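Take a look at the structure set out below.
The values are calculated or read from the model by the stated rules, or taken from the named source; none is laboratory data. The model shown is predicted, which means the values in this text are computed figures rather than measured ones. Backbone-built Cβ (ideal geometry, glycine too); neighbour counts: all protein chains shown.
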Amino acid sequence: MDPLFVALQILNGIQYGLLLFLIASGLTLVFGILQVINLAHGSFYMIGAYLAFWLTARTGSLWTAIAIGLPLALVLGLIVERVMIRLLYARDHLTQVLLTYGLILVFNEAQRLLFGNDVHGVAAPEIFAGSIRLTDTLSYPIYRLAVSGVCLALVLVMYLVIQKTRLGMHIRAGAVDRETVQLLGINIQALSTFVFAAGAGLAALAGMIAAPLSSVYPGIGEHILIICFVVVVIGGIGSIKGAFIAALLVGLADTFGKVLIPEFSSVTVYAVMAVILLWRPQGLFGRA
Amino acid sequence: MDRTPRLLTILALLAVVVLACLPQFAERYTIQLLTRIMTMAILAMSLGLLVSGVGLVSLGHAAFFGLGAYVLALASPANEAASVWWALPLVIGASALAALVIGALAVRTSGIYFIMLTLAFGQMLFYLFHDAKFAGGSDGRYLNFRPAVEFMGQEILTLNDRPTLFYVSLALMVLTYLAIGMMLRAPFGRAILGIRVNEPRMKALGYNTNRYKLTAFVIAGAIAGIAGFLYATQYRAVNPALFGWRESGLVLMMVILGGLRSRLGPVIGAFALVLVEELFQALTDHWLMAMGVFVIVVVLLLPDGLAGLFDRKRDAAEADDG
């Protein structure tokens, strides 16, 4: 295979992986700190994608759409945590699975009511339009590079917040032992709300910036949710570092699966998961 | 684990008698609907064995249901009916084998990991059949002829006949119920119930708990395959949605809705949920929204499911469980 082509596929894989990380990090933190399994996390990605489509059509620019849409998504995350998720802290996983399953049905149907079943496209912002021509046949869209850049910047911000600030320290401690953190006088309730809303915001943001890359369609959130579950399981539940490495692994596996074995490309990711779990049932960085 | 109130048992027996008489006067639509519900009840019972028997919450159980349906559709010859004597064992074998492979990985984990793993493997099978050309891709496949039940060259049951298929489903549902009951009373059943209550203790007693969990997972997968066989026989068509997590979630919902404390729970849940679904579908185009709200309300307000409504001695039972 042409080395340039391989290099481009690696870029694609990393870009997809970074995007997955934005979504999976929220999912894994919600598991870690709230001890809640949130099936409806993918719905925030869908909501982000549809907000991007709707607001871009209204305002004419993806920038404005993100500027308006992101606070909306954060507020929605806040409301869902306050009204629904809070009821689940003390309940078993079974209840959590079913309640958030019910939430998905409600969100999906709300999407169908508001936007119908059509597939929509979103235009990339003008300064990132076009692509870089590499050879006569190969080129690389600038917007993909921009998405990778934005994701990397967010990863860096997340790293700094989680590793270097007091808030981050509380989050890390909360993931290890919720009760002890509470005993030390930290308001774990407020921390949980913050983590959930931030996770919802990140997932929605991922949906917004990914909207120009893939089309916006019904069920978009479910597909991404399952892949993010795979990421979280491979990385180890509650581990941000694990989620990062697993996201890149899954992004690359998916991209190369599509190139090398197009017939069964959708299975590659799960095969990777199976192999890793055979070796480490608790995931790469999970605590047994 | 079985806390079926006596009143409920009597009602269930009555229901079976009523069902058995129904084809004499019911309309075609009712027969078809009830056949589907009984198929779902078998599927829900198989998942109930995992959830309330072993304490394993699987969110990918529809995978074995879908596999059972697909194996029948793919293995049936195009120009004649498959014989049930090889088709059914083939379906059961294939579902059990898939459950063995998936289960071998999944039972090594527990809690959230188990839920997510089963979900992921279920989706893997979904995409495998969704993308596979030999299986008809996203359209799925048709089954040209329903399986034939022959004995010494004579057809003894005509599955093409709607009431006959209804009775076969009813019989299989009752058989599944009795078989699971016998299994839970046997030493194997006592062991898996012990695992649900306290796995470390069972390990300390020398039980290879993973092997017990895997066995239960394989049995549940095989029963789900039988339900898939019935589904494909009734509708003569299969499509990838049968594998999907939405289907798995619905089956899990049936188990919870019926109630985990009673072995009748999954059956009650299957009847209730499918009927509610039919009702919502008749009322509105956006019935999934209503289903979502229904699921949320049931989970929040009825932690013991519908069977719990019959159980006035619940608090005493809880004290028992300690």
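A few remarks follow.
- Given (1) surrounded by fewer than 24 Cβ atoms within 10 Å (Cβ to Cβ); (2) in contact (Cβ under 8 Å) with a residue 12 or more places away in the chain; (3) part of a loop (DSSP other than H, G, I, E, B), number of the condition B:VAL57 does not satisfy: (1)
- Of residues in segment B:92-113 being out of contact with any Gly (no Cβ under 7 Å at 6 or more places or on another chain), surrounded by fewer than 22 Cβ atoms within 10 Å (Cβ to Cβ) and among the hydrophobic types (A, V, I, L, M, F, W, C), the one farthest from the other protein chains (Cβ to nearest Cβ): B:LEU97
- Restricting segment B:119-155 to residues that are within 21 Å of B:ARG236 (Cα to Cα), among the hydrophobic types (A, V, I, L, M, F, W, C) and more than 14 Å from chain A (Cβ to nearest Cβ), the residue that is surrounded by the fewest Cβ atoms within 10 Å (Cβ to Cβ): B:PHE145
- Taking segment B:275-311 as the range and being among the small types (Gly, Ala, Ser) and assigned to a helix (DSSP H, G or I) as the test, the residues that pass are B:ALA282, B:ALA290, B:GLY292, B:ALA307, B:GLY308.
- Residue-level check: of (1) free of Cβ contacts under 8 Å to residues at least 60 places away in the same chain; (2) more than 11 Å from chain B (Cβ to nearest Cβ); (3) over 20 Å from A:MET158 (Cα atoms), A:PRO262 misses just (2).
- The set of residues in segment B:179-238 that are under 21 Å from B:ALA44 (Cα atoms) and among the polar types (S, T, N, Q) comprises B:THR215, B:THR233, B:GLN234.
- Residue in segment B:72-79 that is free of Cβ contacts under 8 Å to residues at least 40 places away in the same chain and within 19 Å of B:LEU43 (Cβ to Cβ) present: no
- Residue in segment A:139-158 that is more than 14 Å from chain B (Cβ to nearest Cβ) and under 24 Å from A:ARG287 (Cα atoms) present: yes
- Check on A:GLY201, touching a residue at least 40 places away in the same chain (Cβ under 8 Å), more than 10 Å from chain B (Cβ to nearest Cβ), surrounded by 18 or more Cβ atoms within 10 Å (Cβ to Cβ) and in a helix (DSSP H, G or I): yes
- The criterion of being modelled with pLDDT of 95 or more and of a type in the set (S, T, N, Q) does not hold for B:THR209.
- Segment A:272-283, subset in contact with a helix residue (DSSP H, G or I) (Cβ under 8 Å, 6 or more places away or on another chain) and more than 7 Å from chain B (Cβ to nearest Cβ), residue surrounded by the most Cβ atoms within 10 Å (Cβ to Cβ): A:GLY283
- One residue from B:MET173, B:MET182 being surrounded by fewer than 18 Cβ atoms within 10 Å (Cβ to Cβ), out of contact with any Ser or Thr (no Cβ under 7 Å at 6 or more places or on another chain) and part of a helix (DSSP H, G or I): B:MET182
- Hits in segment B:138-176 - residues which are without any contact (Cβ under 8 Å) to a residue 24 or more places away in the chain and of a type in the set (Gly, Ala, Ser): B:GLY153, B:ALA171
- In this structure, A:GLY102 does not satisfy being assigned to a helix (DSSP H, G or I), in contact (Cβ under 8 Å) with a residue 60 or more places away in the chain and crowded, with 17+ Cβ neighbours inside 10 Å.
- Taken together, the residues in segment B:205-238 that are part of a loop (DSSP other than H, G, I, E, B) and either surrounded by 22 or more Cβ atoms within 10 Å (Cβ to Cβ) or basic (Lys, Arg) (or both) amount to 1.
- Filter pass, B:VAL255 being modelled with pLDDT under 95 and under 18 Å from A:VAL97 (Cβ atoms): yes
- A:ALA24, sole failed condition from (1) without any contact (Cβ under 8 Å) to a residue 12 or more places away in the chain; (2) surrounded by 15 or more Cβ atoms within 10 Å (Cβ to Cβ): (1)
- Selection status of A:GLY130, modelled with pLDDT of 90 or more and over 28 Å from A:ILE33 (Cα atoms): no
- For A:ILE237, the criteria (1) more than 16 Å from A:GLY42 (Cα to Cα); (2) surrounded by 24 or more Cβ atoms within 10 Å (Cβ to Cβ); (3) away from chain B (no Cβ under 11 Å) hold in every case but one, which is (3).
- Pair list, Cβ under 7 Å, 6 or more apart: segment A:61-75 residue without any contact (Cβ under 8 Å) to a residue 12 or more places away in the chain, other residue of a type outside the set (D, E, K, R) and surrounded by 14 or more Cβ atoms within 10 Å (Cβ to Cβ): A:THR64/A:LEU55
- The single condition among (1) more than 7 Å from chain B (Cβ to nearest Cβ); (2) over 25 Å from B:LEU302 (Cα atoms); (3) more than 18 Å from the chain's Cα centre (by Cα) that A:LEU70 does not satisfy is (3).
- Enumeration of residues in segment A:175-191 that are assigned to a helix (DSSP H, G or I), surrounded by 11 or more Cβ atoms within 10 Å (Cβ to Cβ) and not β-branched (Val, Ile, Thr): A:ALA175, A:ARG178, A:GLN182, A:GLN189, A:LEU191
- Residues of segment B:158-170 classified as under 23 Å from B:SER46 (Cβ atoms) and either of a type outside the set (Phe, Trp, Tyr) or part of a strand (DSSP E or B) (or both), total: 5
- Taking segment B:97-132 as the range and being in a loop (DSSP other than H, G, I, E, B) and over 19 Å from B:ALA222 (Cα atoms) as the test, the residues that pass are B:ARG108, B:THR109, B:SER110, B:ALA132.
- Just one residue in the set B:TYR127, B:TYR113 is closer than 22 Å to B:LYS213 by Cα, modelled with pLDDT under 90 and not charged (D, E, K, R); that residue is B:TYR113.
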